[in-house]
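Worksheet for the structure shown next.
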Amino acid sequence: MSRNGPLALAYHALFVVFMLTPILVVCWVAFTPEGFLSFPVRHWSLRWFYAIGRYPEFVSAFWRSLGLGALSSALAVAVSVPAALAIARHQFAGREAMTTLFMSPLMIPHVVLGIAFLRFFTEIGLGGTFAGLVLSHIVIVLPFALRLTLASAVGLDSRIEHAAVSLGASEATVLKRITLPLVLPGLVSGWALAFINSFDEVTMTVFIAAPGTETLPVRMFLYIQDNIDPLVTSVSACVIAITVAALIALDRAYGLERLLVGKGSHGR
Amino acid sequence: MAFLALDNLSKRFGTQTAVDGLSLGVEKGEFISLLGPSGCGKTTTLQMIAGFVEPSSGAIRLEGEDLLAVKPAKRGLGIVFQSYALFPHMTATENVAFGLEMQGIAAAERARRVADALELVGLGAFAARYPRQLSGGQQQRVALARALVIRPRILLLDEPLSNLDAKLREEMQIELRQIQRTVGTTTILVTHDQAEAMALSDRVVVMNKGRAEQIATPLEAYEHPATAFVASFLGKTNLVNGVAVRPERIAFAAAGLVGTVRTRIFQGNHWLYQVDTASGLVTVIRQNTGDAMPEEGAAVHLVWEARA
Ligand SMILES: Nc1ncnc2c1ncn2[C@@H]1O[C@H](COP(=O)(O)OP(=O)(O)OP(=O)(O)O)[C@@H](O)[C@H]1O
Ligand SMILES: [Mg+2]
């Protein structure tokens, strides 16, 4: 990597400040003792953190978001694997069309998806259900899961699989013992990226979720429409703390760069 | 009937013919090289035997049995790919054990045979390493052990030494030949290196544009090339008045074809000369015996034995 000049460094610094300031301000405001959003904070208090305890729907929405993200990302990856292997390996009619179809949710505004799913799910009796949330989230995270899965499938040398076949391995054995382990880093990265996108999603979900199936961002969004107190800042601070802890743990375990950039390195 | 028989084997990719009517009989225990320039169809031929490329026409028989009717996984051939194609997520031991596992060999015997195979290729001390912790030559030997351990009916080697440096390649050639002699496995080696083919093989198949130009022992092909292509591919050749003469067969003498030394290059154990003559530029190779040799610009006379 080339060394950065002073201008580039200043730019980077500005960029980081721009990204971090809102996060830091939110965390700071969360410690206010006042009953409204005030800044700067002069007295410190955990009042609004304790307050979360009085709103169990925030806690249940958090767990729902976690479950929704984990499940829809896992299913999206499960769909991506055969699709990615087919796209990477074979020239077939409709290959381009298939790729475009899987990637298309990226290009459709989430508002549009939200309204479409709302009508569709109401029609088929899934309106306001968790199953509906999972289905819609699979659609929006699929491009992310597929991108990284595809990258690792393309990088796979088919001669390695041929070698396994020549040693007497059946197709199922090759898939289980060779192909899947070798694309695993891509699957994990794809799942992680999909999870982040699912956890974050509010524009579409706000149309689909009903009381009892609200995700955390939706719950927060609805809360600030009726209230001006700093509860959402303490909830945000908790989410930020959990995210940071998770990232540190992941970095210790796997190396973040590898995970998010999707660079596969095998063995240990 | 030959052990392995390729009968009029052809492969076309679209309009392009990669292999064109190749017929070849390989005897049991024989070491055969497919030799030819890049793109002449060597890999395609090997892949057809392995079963990863389907022939457009022709037949392959192994011990009289139609090999094309057998799935690649059931052919029982040992393959060393040009890129080695080791399983990157498995140790050397696990790589070598894979084929035995597929055969359902019990763990105790498996462990013993894997250890023997790694010992055979001189990698006993590297058994627990992953491929990326091994050098190119070591990886190549793991690939060889992995192919040999299943006791294949035929060993197929696709340019297995091409990624090695000259010294290591020479060592590996000797090792390869020794291992093949010890184990006695019928072997087909693909290479574009004529020295490698000559050094290792019982017979060479010189290929050009998908066809076999000559199938013969290395000595026979070198001394009696069937075509001009074979002659030029198997080393430097002079065409003097329509007669092919190897550069090392030409000597300096008191009388003979008159010429002038254009360039003289010292190559350690021999001298390489380019001599201008009335019949064109002639390449001459002379052993370095320590004696004084003609200088550049010197007038010389060339003589050679009259044979092809
Ligand atoms: N899958 C394929 N599709 C189309 N053409 C192919 C395919 N595989 C090989 N060919 C063509 O067939 C010809 C022979 O290829 P092959 O790989 O057998 O050559 P080779 O003798 O092994 O060459 P090299 O020494 O460079 O490896 C080449 O012209 C190549 O372009
Ligand atoms: Mg080749």
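The values are calculated or read from the model by the stated rules, or taken from the named source; none is laboratory data. A quick note: this is a predicted structure, and the numbers were derived from the prediction, not measured. Cβ: placed from backbone, ideal geometry, glycine included. Neighbour counts: every protein chain shown. For accessibility, only protein heavy atoms count, side chains too; no ligands or nucleic acids. Shrake-Rupley method; radii C 1.70, N 1.55, O 1.52, S 1.80 Å.
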If exposed means no more than 16 neighbouring beta carbons inside 10 Å and the site is in a DSSP loop, what's the longest run of chain B without any exposed GluC sites (Glu not before Pro)? B:64-294
Connecting every pair of Cα atoms under 10 Å apart in chain B and solving the GNM, the largest mean-square fluctuation among B:231, B:143, B:251 falls on B:251
Student exercise, chain B dipole from Lys, Arg, Asp, Glu Cβ charges, in Debye to nearest 20: 560
In segment B:73-98, what residues drop by 50 Å² or more of accessible area when the other protein chains are put back, versus the chain on its own? Use 1.4 Å, and skip ligands and nucleic acids. B:73, B:81, B:87, B:88, B:89, B:98
Taking only Cα atoms and a 10 Å spring cutoff, compute GNM fluctuations for chain B and point out the largest among B:93, B:191, B:182. B:182
Just to confirm, what accessible area per residue do you get for chain B at 1.4 Å probe, in whole Å²? 45
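Rounded to the nearest 500, what is the 222 nm mean residue ellipticity of chain B from helices alone, with -39500 (n - 2.57) per DSSP H run of 4+ residues and division by all residues?
Here the helix-only value at 222 nm equals -8000 deg cm²/dmol.
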How far is helix A:231-253 tilted off the main Cα axis of chain A, in degrees rounded to 10, range 0 to 90? 30
How would you classify segment B:131-172 from its alpha-carbon gyration tensor, with a ≥ b ≥ c the square roots of the eigenvalues: rounded for a/c under 1.5, else prolate if a/b is greater than b/c, otherwise oblate? oblate
With every protein chain in place, the residues of segment B:135-149 shedding 10 Å² or more of accessible area versus the chain by itself (probe 1.4 Å) are B:146
At 1.4 Å probe size, with the rest of the protein present, what percent of the exposed accessible area of chain B is carbon and sulfur atoms? 51
Under 14 Å from a point 7 Å along the Cα-to-Cβ line of residue B:293: which residues of segment B:260-274 have their amide N that close? B:261-274
Nearest 100 Å² is fine: how much accessible area is buried between A and B, summed over both sides, with a 1.4 Å probe? 1900
GNM result for chain B, Cα springs below 10 Å: residue of B:95, B:163, B:241 fluctuating most strongly: B:241
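Is segment A:55-228 best put as rounded, prolate or oblate by its Cα gyration tensor, with a ≥ b ≥ c the root eigenvalues, rounded for a/c under 1.5, and otherwise prolate when a/b is larger than b/c, oblate when not?
prolate
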Where does chain A land at 222 nm, in deg cm²/dmol rounded to the nearest 500, when only DSSP H runs of n ≥ 4 count, each adding -39500 (n - 2.57), divided by all residues? -23000 deg cm²/dmol
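What percentage of all Cα-Cα pairs in the protein assembly as shown are separated by more than 44 Å?
45
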Once both axes come from the Cα atoms, what is the angle between helix A:130-154 and the longest principal axis of chain A, in degrees from 0 to 90, rounded to 10? 50
In whole percent, how big is the carbon plus sulfur part of the accessible area of chain A, probe 1.4 Å, protein atoms only? 70
Chain B: antiparallel DSSP beta bridges as a percent of all, rounded to 5: 70
Rounded to the nearest whole Å², what accessible area per residue is found for chain A with the 1.4 Å probe? 56
Distance (nanometres) between label positions extended 7 Å along Cα→Cβ at residue B:209 and residue A:172: 4.9
